[in-house]
1. Evaluate the following for Asn88: is it surrounded by 13 or more Cβ atoms within 10 Å (Cβ to Cβ) and assigned to a loop (DSSP other than H, G, I, E, B)?
2. Mind listing whichever residues of the range 52-72 are surrounded by 12 or more Cβ atoms within 10 Å (Cβ to Cβ) and at pLDDT 75 or above?
3. Looking at the range 151-172, which of the residues that are more than 26 Å from Asp84 (Cα to Cα) and hydrophobic (A, V, I, L, M, F, W, C) is surrounded by the most Cβ atoms within 10 Å (Cβ to Cβ)?
4. How many residues are of a type in the set (D, E, K, R) and outside any loop (DSSP other than H, G, I, E, B) when one looks only at the range 141-162?
5. Can you tell me how many residues in the range 18-31 are more than 30 Å from the chain's Cα centre (by Cα) and surrounded by 13 or more Cβ atoms within 10 Å (Cβ to Cβ)?
6. Checking Lys106 against (1) assigned by TED's automatic domain parsing to the domain that holds Gly10; (2) touching a residue at least 60 places away in the same chain (Cβ under 8 Å), which single condition isn't satisfied?
7. Residues being of a type in the set (D, E, K, R) and surrounded by 18 or more Cβ atoms within 10 Å (Cβ to Cβ): count how many of those fall in the range 140-150.
Amino acid sequence: MADSKDVLTGLIWVYTSYALIILSVISWFGYRITTKGEGKQIKPVYFYVWVSFLTVVGVSLHIFTYNTIPWAPMDLNRRQIQADTVFNISVRDHQFVLPAEKMVVKVNQKVLFDVTSEDLTYGFGLFRQDHTMVFQMQVIPGHRNDMLWQFGETGIFDIRSTEYSGPAGAMMIKKYAVEVVQ
């Protein structure tokens, strides 16, 4: 499974380039309407060709990047996938209650994080040591809240609440909660 950090970096480059191309149309249009007319007009065909090109490029980007989102295949085939490890985690009174002080999994294992809230809506986010997010989900009381994930490399991860649940929610951090080993 691709790493979400790599996917994000790639998408930043792709969509920044696409946005710059779109801005070129706006700049071209702005330049043309602010210059003194010399009797020449922009032929509408140029505009429609450029807009058609941008549409084809934009749709192609979405089709091309469809399967680069790391969790998409796992979510689409969820019923056929059996988790290798299940961690039942509960949240109450602005505290994560973990099944162990450190949850250890192996690389390429499919892990199900089954999180239950007993009082408020919380967030459940897994973060790398450089503070970038691996994944997150909302944890709503009375609903099924789970995330199936497959780790592609070793590392140590923190758990944080990613949803506002009052001032105490800012301190909902479990350092070094998940360790992925060979």
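1. no
2. Residues satisfying the conditions are Phe53, Leu54, Val57, Gly58, Leu61.
3. Applying the filter and picking the extreme gives Met172.
4. Result for the range 141-162: 3.
5. Summing the residues that are more than 30 Å from the chain's Cα centre (by Cα) and surrounded by 13 or more Cβ atoms within 10 Å (Cβ to Cβ) in the range 18-31 gives 2.
6. (1)
7. Count: 1.
Quick grid of which residues meet (1) under 20 Å from the mean Cα position of the chain (by Cα); (2) within 22 Å of Glu153 (Cβ to Cβ); (3) modelled with pLDDT under 95:
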site: Gln80; (1), (2), (3): no, no, yes
site: Ala83; (1), (2), (3): no, yes, yes
site: Phe87; (1), (2), (3): no, yes, no
site: Glu101; (1), (2), (3): no, no, yes
site: Val104; (1), (2), (3): no, yes, no
site: Asn108; (1), (2), (3): yes, yes, yes
site: Phe113; (1), (2), (3): yes, yes, no
site: Gly125; (1), (2), (3): yes, yes, no
site: Val134; (1), (2), (3): yes, yes, yes
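The values are calculated or read from the model by the stated rules, or taken from the named source; none is laboratory data. None of these values were measured; they are calculated from a predicted model. All Cβ positions, even for glycine, are placed from backbone atoms using ideal geometry, and neighbour counts span all protein chains on display.
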